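Encoded as structure tokens, the structure appears first; notes follow it.
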Amino acid sequence: MNNLTTRGYYRDLPIIFCLFFVAVVAPEAFSQSLAATPATTPASWPTHSHDVQHSGVSSVPSQPLARIHWQTPVDLQPPLDSGAIFIHYGSPLITTNNTVVVPVKTGANDTFRVEGHDARTGKLRWFINSDYSVPLAGFMPGFGPTLSKDKVIAPAAGGTVLVRQDDDNPRAAVTRVAFYGTDNFKANRRAFSDNVKINTPITADRNGNLYFGFIVLGSTPVPLESGLARIGANGTGSWIAASVASGDPGITKVDMSCAPALSKNERQLYVGVNSSDFGYGYLLQLDATTLQPINKVLLKDPASGNLALIPDDSSATPTVGPDGDVYFGVLENPFPSHNDRGWLLHFSGNLKRTKIPGSFGWDDTASVVDASLVPSYHGTSSYLLMTKYNNYAGRGGDGVNKLAILDPATSMPDPVLGNPVMTEVLTINGVTPDSEFPFLPNAVREWCINTAAVDPFTRSVMANSEDGRLYRWDLTTNSFSQVITLTGGIGEAYTPTVIGNDGTVYAINRAVLFAIGR
């Protein structure tokens, strides 16, 4: 849910099982899935938006959205009495052995744990408590663990991380690592815990190196400044201040909830930094080994030319396309001149060339859609982008909230302001009327996704809505071919959708994780 609207300020089935599914349920996708999914290599969903490029593309076909297999809370004390949930819940993760790793908020305003659930039954297999404490923001930032080389990595107190040495074994050991030295943390636990907080999901590369943003609230025994941390696979830590990485002393931190992204060769790292809540910011390209700056771009509103706004309520993260281009969401300036939609800014991989923006982006991570998945598309781009496409009632919009498939290589006039934006290849409206805006008869409930799951095998996208339903958007027919009701609906912060190794679809609604399938 967009806090800027009038609603307020506010996972072991083998791979052959999946192939059987597409052969029987989706025969047109069987040959494609056989080639794309090696039977000896189970897939996983190890991190935010599936992979370190944040493509959101599943490695296995999804099951039909026929029934809820099981469910488990992601928040033991959700603020349901307020009528809305302004919390960015961390993404569920799926291990190679099909354990569903669930980040859970256990307290009213803090305290967290990570749970491992059997993907078939939902049975709790293990859990680890974390002493992580969230930094303050309008929307509570997400508690974002990741999977790395069969380990679970979770944020913890004082900018440290907890490393569960096996992501499936219920008796696995847990160790703690600090990027500024674990001995330093142990000797000064209170000082670091009070003053250093991880403020982004954790990203892990293929070699087990970890990356995350952190903020510093006060003095620490080892002098630190808010910025980006790296913990090497050998446990060696390093960091760079956001002000140094950007070359701008006005920059104060890595963007809240912005998961670092990596280039296809994983040698370059991309992350957003900003000056303050609703402040200006940059997108940075850093050396993934040394964290030294390579390039940067000052983020601007493509319509006004003003510095774009970077709100702490956002959970936008960079997406790296198959060609290396980088996409990143920002808020418009002046606000809300673009109906609170923001922009999906678009750059070359070296950030030196600004390309066609998308017409929505303020709190969204774009998903990659191979152009072959959209039969009606006859352009020249090898891939397209899927984004949320809300048009917020109460902020100048008509409340006709949509999903969109966009062509990043061709432009059309923006539907609101008229400047060039990515061409709409497909759009589809939400279906549930929004009773809060009776004077806008076409207004529908918002799409509440910050990263959507793309299923290339069935040519569809899994999208969660504030109306309490999960939808399958069929890209062949441009229709909602399946829908399942999860809850009665609630205004909520944007949530991730995930596809597990056996094709189970996972979605969060009303502070509960639902496992959905045949």
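When the alpha carbon coordinates of region 114-173 are projected onto the principal axes, the ranges are 36, 23, 18 Å, largest first. Each residue of region 104-110 was assigned a 3J(HN,Hα) from its phi angle through the Karplus curve 6.51 cos²θ - 1.76 cosθ + 1.60 (θ = phi - 60°); the sequence is 10, 8, 9, x, 5, 10, 6 Hz, with glycine and proline shown as x. Could you state, as a whole-number percent, how many of the C-alpha pairs of region 54-98 are farther apart than 15 Å? Of all Cα-Cα distances in region 54-98, 67 percent exceed 15 Å.
Ratio of Rg to Rh for region 364-516, alpha carbon only, Kirkwood?
0.96
Placing unit charges on each Cβ (+1 for Lys and Arg, -1 for Asp and Glu) gives region 116-231 a dipole about its Cα centre, and among Ala191, Gly218, Val163 the Cα reaching farthest toward its positive end belongs to Val163. For region 282-378, the ratio of Cα radius of gyration to the globular rule of thumb 2.2 N^0.38 Å stands at 1.13.
For Leu486, the residues 5 or more places off, or on other chains, whose built amide H falls under 5 Å of its own are Arg469, Leu470.
For region 204-304, what is one quarter of the convex hull surface built on the Cα atoms, given in nm²?
Details: hull surface 28.9 nm².
Projected over every direction and averaged, the Cα hull of region 204-304 covers 7.2 nm².
Karplus-based coupling profile of region 190-207, in residue order and whole Hz: 5, 4, 6, 5, 6, 10, 10, 9, 5, 10, 9, x, 8, 10, 10, 7, 5, 8, with θ = phi - 60° in 6.51 cos²θ - 1.76 cosθ + 1.60 and x standing for Gly or Pro. Under the combined filter of DSSP loop state and at most 11 neighbouring Cβ atoms within 10 Å, region 374-453 retains these chymotrypsin sites (Phe, Trp or Tyr not before Pro): Phe439.
Rounded to the nearest 500, the helix-only mean residue ellipticity at 222 nm of the chain stands at -1500 deg cm²/dmol, with each DSSP H run of n ≥ 4 adding -39,500 (n - 2.57). Here is the tail figure for region 295-352: Cα pairs spaced more than 19 Å apart come to 28 percent of all pairs.
Eigen-decomposition of the gyration tensor built on the alpha-carbon atoms of region 232-354 gives equivalent ellipsoid semi-axes of 24, 16, 12 angstrom, largest listed first. Plainly put, region 115-217 has a radius of gyration that is 0.98 times its Kirkwood radius, both from alpha-carbon atoms, as the Rg/Rh ratio. Amide H contacts under 5 Å for Phe139: Asp313, restricted to partners 5 or more places along the chain or on a different chain, H placed in the peptide plane at 1.01 Å from N.
Residue-wise HN-Hα couplings along region 320-335, as the Karplus relation 6.51 cos²θ - 1.76 cosθ + 1.60 with θ = phi - 60° gives them from phi, are 9, x, x, 8, x, 4, 10, 10, 8, x, 9, 9, 6, 9, x, 9 Hz; Gly and Pro carry x.
In percent, rounded to a whole number, the relative contact order of region 34-189 is 17, using alpha-carbon pairs under 8 Å and six or more apart. For region 357-428, the square roots of the Cα gyration tensor eigenvalues, ordered a ≥ b ≥ c, give a/c of at least 1.5 with a/b greater than b/c, which places it in the prolate category. Would you mind telling me the share, in percent, of accessible area of the chain contributed by carbon and sulfur at probe 1.4 angstrom? Roughly 52 percent, rounded to a whole number.
Annotation: amide H of Ser130 within the under-5 Å range of Phe112, Arg113, Val114, sequence separation 5 or more or interchain, hydrogens built in the peptide plane. With the convex hull of the Cα atoms taken as the outline of the chain, the averaged projected area works out to 21.1 nm². Rolling a 1.4 Å probe across the protein heavy atoms gives the chain an accessible surface of 33 Å² per residue. Counting only Cβ charges, +1 for Lys and Arg and -1 for Asp and Glu, the dipole size of the chain around its Cα centre is about 900 debye. Report the normalised scattering of region 428-505 as log10 I(q)/I(0) at q = 0.15, 0.24 Å⁻¹, calculated by the Debye formula with identical scatterers on the alpha carbons. Summing over Cα pairs of region 428-505 leads to -0.53, -1.20.
The values are calculated or read from the model by the stated rules, or taken from the named source; none is laboratory data. Note that the coordinates shown come from a computational prediction; the quantities given were computed from them, not determined experimentally. Methodologically, a virtual Cβ is constructed for each residue, glycine included, from the backbone with ideal geometry; neighbour enumeration extends over all protein chains shown. Just the protein is used for accessible areas: all its heavy atoms, side chains included, with ligands, DNA and RNA removed. Shrake-Rupley method; radii C 1.70, N 1.55, O 1.52, S 1.80 Å.
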